[in-house]
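Participant: What follows is a single structure, and I will ask about it in a moment.
Derivation of every value follows stated rules applied to the coordinates shown; laboratory data play no part. All values derive from a computational prediction rather than experimental measurement. Positions of Cβ are generated from backbone atoms using ideal geometry, with glycine treated the same way; all protein chains shown enter the neighbour counts.
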Amino acid sequence: MNMTVGAYEAKTKFSALLDAVATGRTVTILRHGTPVARLTPVANALDGDADAVVEQFRKARKGSRLDGLSIRELIDEGRR
């Protein structure tokens, strides 16, 4: 069972949405009609194979390089 709510409604009815999620429902939050977040029960969020998730991360980062940038430079760039 899925629910869809706007961002304003999610903000004003957050407690009720958490109650719905606690009963097993999934809530999708929209901003200007575009899905931006999903509230899911913890059991559903934790389902899955951890090894498969790690492998997906490894595939996603394959070929990514820092090209000589230091961690400090990346942090400073993110703050701009």
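Participant: Any idea what the dipole of the chain comes to, in debye rounded to 20, about its Cα centre with Lys/Arg Cβ at +1 and Asp/Glu Cβ at -1?
Facilitator: Using only the charged Cβ atoms, the result is roughly 260 debye.
Participant: Further question on the same structure: At what distance in angstrom do the alpha carbon centres of region 3-60 and region 62-80 lie from each other?
Facilitator: Using only Cα atoms, the two centres lie 30 Å from each other.
Participant: Largest first, please: the extent of the C-alpha atoms of region 25-80 along each principal axis, to the nearest Å.
Facilitator: In descending order, the Cα extents are 46, 34, 17 Å.
Participant: Pick out which of R61, R38, R25 has the largest mean-square fluctuation in a Gaussian network model of the chain, springs linking Cα atoms closer than 10 Å.
Facilitator: In this elastic network of the chain, the residue with the biggest mean-square fluctuation among R61, R38, R25 is R61.
Participant: Further question: Note the full-extension length gain between K11 and E73 as 0.36 nm times their separation in residues minus their Cα-Cα distance, in nm to one decimal.
Facilitator: Residue separation times 0.36 nm, minus the Cα-Cα distance, leaves 18.7 nm.
Participant: Per the helix-only calculation at 222 nm, which mean residue ellipticity applies to the chain, given -39500 (n - 2.57) for every DSSP H run of n ≥ 4 and division by its residues, nearest 500 deg cm²/dmol?
Facilitator: -13500 deg cm²/dmol
Participant: For the chain, give the share of DSSP beta bridges that are antiparallel, in percent and rounded to the nearest 5; count only bridges with both residues there.
Facilitator: 50 percent
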